[in-house]
1. Which residue, 66, 292, 192, has the most motion in a Gaussian network model of the chain that connects Cα atoms within less than 10 Å?
2. What nm value, rounded to one decimal, do you get for the distance between residue 38 and residue 166 when each label is placed 7 Å out toward the C-beta?
3. Quick one: give the max-minus-min coordinate of the C-alpha atoms of the chain along each principal axis, largest first, in Å.
4. Could you let me know the centre-to-centre spacing of the range 237-278 and the range 107-175, using Cα atoms, in angstrom?
5. Measure nothing fancy, just the Cα-based angle from helix 78-89's long axis to the longest principal axis of the chain, in degrees from 0 to 90, nearest 10.
6. Pairing the Cα long axis of helix 147-164 with the longest principal axis of the chain, what angle in degrees results, from 0 to 90 and rounded to the nearest 10?
7. Put +1 on the Cβ of each Lys and Arg and -1 on the Cβ of each Asp and Glu in the chain; which of 284, 89, 150 then has its Cα farthest toward the positive end of the dipole?
8. Note down the net charge around residue 111, summing +1 for each Lys or Arg and -1 for each Asp or Glu among other residues with Cβ under 10 Å from its Cβ.
Amino acid sequence: MYLIGVDGGGTKTEAVAYDLEGNMLSSATSGFGNILIDYEKASRHIIEVIQQTQQLLPEAHCVAIYLGLAGIEGSDQKKALEALLVKTFSCTIQIVNDAVIAHAALLQGKDGILTIAGTGSVSLGKRGNTYTMAGGWGHLIGDEGSGYWIAMEAIRQMVQHEDIGTPASKLSLAILDQLQLTKVQEIKQFVYAATKDEIASLVPIVVKMARVGEPTSQGILEIASRHLAETTWYLAQKLSWNGHLTVAIKGSVLEKIPEVRQAFQTHLHRHHSQLSLLSIPVSSTKGALYLYQNTHPKDDSI
């Protein structure tokens, strides 16, 4: 017997089959799995990746498929997708937000908070059987501290300097050079034509400049860490958290920029001293194991 975990985002979908002891049996990847982008294409990618995973396990029985899909909580097509998957695979199907399956993977199904900061940002907390979220509003409303936010803050400061008439910062000049632009006015064309990922791809420039002491860059990263810590703390308060708190982190901003991660932890400790930060390299798909375990307590071999 085995189960499958699926992690579907805006770029790719990953599926991994695990036995009931947590060993990986097979895996596959496909295109985006966010049904808000395109339901037909996303559902096709999801089915393809599950089928590719199962092709390597023809003799085994699949007991359940758990899917963590970006944007699913804002879609009215969740029931349609669930019905399609039940018809196609004839087993238990559970569809949750991608943050839920990631939370289960990093915290092994236990209580705590997961803060994700990649292109976007969100915090998800679990206490008992209750899940509560803070952030995750998307780039037009929020996503403070995310890669997109960091890049846009650098661009906003660039145009502010232009409006005031002060000389461009070294960060602004580095961004213009990276984009092969000759003047600040040309940044408009880039911003309004670029995708979120393309804008967020400017973050390494901000980090590079911060590491050589450029003050605008350092200030942006500091504010980003504070935003992420505040969102995490707001969530802890919503959950009425007392005692030790485990905060897991995921996403390139918190995992790959130590300056942000360290400041994030410092800000959190000011709010809650009994705190530990958890960062482990695990696929979100493994959250399927712990979600299954929580609903099948007799399967204590996991």
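1. Comparing 66, 292, 192 in the GNM, the peak value goes to 192.
2. 4.5 nm
3. Its Cα atoms span 68, 45, 31 Å along the three principal axes.
4. So the separation of the two Cα centres works out to 15 Å.
5. The angle comes out near 40 degrees.
6. 20 degrees
7. 150
8. Details: positive: 110, 126, 127; negative: none.
Cβ neighbours under 10 Å give a net charge of +3.
The values are calculated or read from the model by the stated rules, or taken from the named source; none is laboratory data. Model, not experiment: these values are computed from the prediction. Here the Cβ is made from the backbone with ideal geometry for all residues, glycine too, and neighbour counts use every protein chain on show. Please note that ligands, DNA and RNA were not included when accessible areas were found on the heavy atoms of the full protein model with its side chains. Shrake-Rupley method; radii C 1.70, N 1.55, O 1.52, S 1.80 Å.
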